[in-house]
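The values are calculated or read from the model by the stated rules, or taken from the named source; none is laboratory data. Source: prediction; values computed, not measured. Because the Cβ atoms are built from the backbone with ideal geometry, glycine has one as well, and the counts that use them run over all protein chains shown.
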Amino acid sequence: MSLRRLPSEERLLAYAAGTLSPPEAVVVATHLALRPQSRAWTALGEAVGGAMLDDLSPLALEARARDDVMARLETAAPVQAPEVVKGSDPTLPEPLRHFPLSRWRWVGPGVQVRDVLGPRDGDSRVIMLRIAPGQCTPVHTHGGVELTCVIEGAYATADGVFEPGDFEEADPSITHQQRVVSPKPCLCVAALDGQIQLPGRLGRWLAPFVKL
C-alpha cells in the first residue's frame with residue numbers, strides 16, 4: 001500500500017457507504033472536515049447508493065403512512081442546543097468534538113499521546129499524537145492498518161511533507177518515521193489496528209515502553 005496525501009478512493013467510497021470501521025470513519029471524517037474537496041468521492045458513493053435504491057422494487061405502504069409523514073413534517077422540530085460532551089475539546093475539528101479524551105501521556109522525547117474514547121472495533125481505536133518541533137516518532141511499521149490525519153503543524157517522512165488536512169495510509173508493508181518540520185507542535189489523529197512494531201534490536205528493547 002502506498003502512502004498518500006488523500007484517502008484512497010476505495011476508502012472514501014466505503015466511508016460514503018457506511019462500511020468503514022468506527023475508528024477509520026472518525027479519521028476520514030476529520031480529513032473531510034479539513035479538506036472539503038475530497039467530498040467529491042463521498043458524494044459519488046452516496047449517488048451510487050441512491051441509484052441502487054432507485055432500482056429496488058417499491059413496497060406497498062400502510063394506508064395511513066402518507067398522512068403520518070405529512071403530519072410530522074408540519075410539526076416544528078424543537079431547537080436543541082449543541083451537545084457538550086464532558087472531557088471533549090471544542091477546538092478540535094467537528095468530528096472529534098463528540099468524544100471524551102483521555103489525559104496526555106508521554107511515550108518518548110517530545111511525543112505525547114491521548115486516547116479518543118468511544119470509537120473502537122476490536123483492536124482498532126483512535127488516538128491523538130502531539131509531537132514537538134524537531135522531534136520524531138520511532139522508526140516503526142504496523143501490526144495492521146494505520147490511518148493518520150494531520151490537524152495542526154506538519155511532519156515529514158521519506159515520502160514527503162504532510163500538512164494540515166493531509167492523510168496518510170500505512171500497513172505492515174510500510175516502515176516509516178514521522179519527523180516534525182513545523183515551528184509549532186504537530187497534532188494528528190490516527191486510527192490504529194494493533195500496536196506499532198519497532199524493528200531491530202533497539203526496537204525490541206523499546207517495545208514495552210512505547211505503547212500507543
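Counting the residues of region 100-134 that are touching a Cys at 6+ places or on another chain (Cβ under 8 Å) and basic (Lys, Arg) gives 1. For first residues located in region 139-158 and on the phi > 0 side of the Ramachandran plot, partners that are acidic (Asp, Glu) and lie 6+ apart or on another chain with Cβ distances below 9 Å form the pairs Gly153/Glu163. Do we find a residue being among the hydrophobic types (A, V, I, L, M, F, W, C), in contact with a helix residue (DSSP H, G or I) (Cβ under 8 Å, 6 or more places away or on another chain) and assigned to a helix (DSSP H, G or I) anywhere in region 90-103? So far as region 90-103 goes, yes, one or more of its residues are among the hydrophobic types (A, V, I, L, M, F, W, C), in contact with a helix residue (DSSP H, G or I) (Cβ under 8 Å, 6 or more places away or on another chain) and assigned to a helix (DSSP H, G or I).
One residue stands out among those in region 159-172 that are free of Cβ contacts under 8 Å to residues at least 40 places away in the same chain and either assigned to a loop (DSSP other than H, G, I, E, B) or touching a Pro at 6+ places or on another chain (Cβ under 7 Å) (or both): the one that is surrounded by the fewest Cβ atoms within 10 Å (Cβ to Cβ), which is Pro172.
For residues in region 181-202 being in a loop (DSSP other than H, G, I, E, B) and either modelled with pLDDT under 95 or of a type in the set (Gly, Ala, Ser) (or both), which is nearest to Leu34 (Cα to Cα)? Even if it seems obvious, please write down each step before you answer.
Taking region 181-202 as the starting set, the residues that turn out to be in a loop (DSSP other than H, G, I, E, B) are 181-185, 194-195, 198-199.
Subsequent filtering for residues that are either modelled with pLDDT under 95 or of a type in the set (Gly, Ala, Ser) (or both) retains 182, 194-195, 198-199.
Values: Ser182: 18, Gly194: 26, Gln195: 27, Leu198: 31, Pro199: 33 Å.
Ranking the qualifying residues of region 181-202, first place goes to Ser182.
Restricting the first member to region 108-134 and to residues that are within 26 Å of Lys184 (Cα to Cα), and the second to residues that are of a type in the set (S, T, N, Q) and part of a strand (DSSP E or B), the beta-carbon pairs closer than 6 Å and six or more apart or on different chains are Arg130/Gln112. Return yes when Arg114 is surrounded by fewer than 19 Cβ atoms within 10 Å (Cβ to Cβ), of a type outside the set (A, V, I, L, M, F, W, C), assigned to a strand (DSSP E or B) and in contact with a Leu (Cβ under 7 Å, 6 or more places away or on another chain) and no when it is not. Against the criterion (surrounded by fewer than 19 Cβ atoms within 10 Å (Cβ to Cβ), of a type outside the set (A, V, I, L, M, F, W, C), assigned to a strand (DSSP E or B) and in contact with a Leu (Cβ under 7 Å, 6 or more places away or on another chain)), Arg114 qualifies. Within region 203-212, if we keep just the residues that are assigned to a loop (DSSP other than H, G, I, E, B) and surrounded by 16 or more Cβ atoms within 10 Å (Cβ to Cβ), the residue that is modelled with the highest pLDDT turns out to be Leu212. The set of residues in region 130-145 that are within 19 Å of Glu24 (Cβ to Cβ) and either modelled with pLDDT of 95 or more or assigned to a loop (DSSP other than H, G, I, E, B) (or both) comprises Gly143, Gly144, Val145.
Residues Ser88, Ser57: which one is at pLDDT below 95 and farther than 26 Å from Gly165 by Cβ?
Values: Ser88 fails: farther than 26 Å from Gly165 by Cβ.
One residue alone meets the criteria, Ser57.
Among the candidates Arg125, Arg105, the residue that is farther than 19 Å from Leu34 by Cβ, exposed (fewer than 15 other Cβ atoms within 10 Å of the Cβ) and of a type in the set (D, E, K, R) is uniquely Arg105.
Quick one: in region 29-46, which of the residues that are more than 12 Å from Glu94 (Cα to Cα) and at pLDDT 70 or above is surrounded by the most Cβ atoms within 10 Å (Cβ to Cβ)? Even if it seems obvious, please write down each step before you answer.
To start, the set of residues in region 29-46 that are more than 12 Å from Glu94 (Cα to Cα) comprises 35-46.
Filter once more, so that each one left must be at pLDDT 70 or above: 35-39.
On the way: Arg35: 17, Pro36: 10, Gln37: 9, Ser38: 19, Arg39: 14.
Checked region 29-46; the qualifying residue surrounded by the most Cβ atoms within 10 Å (Cβ to Cβ) is Ser38.
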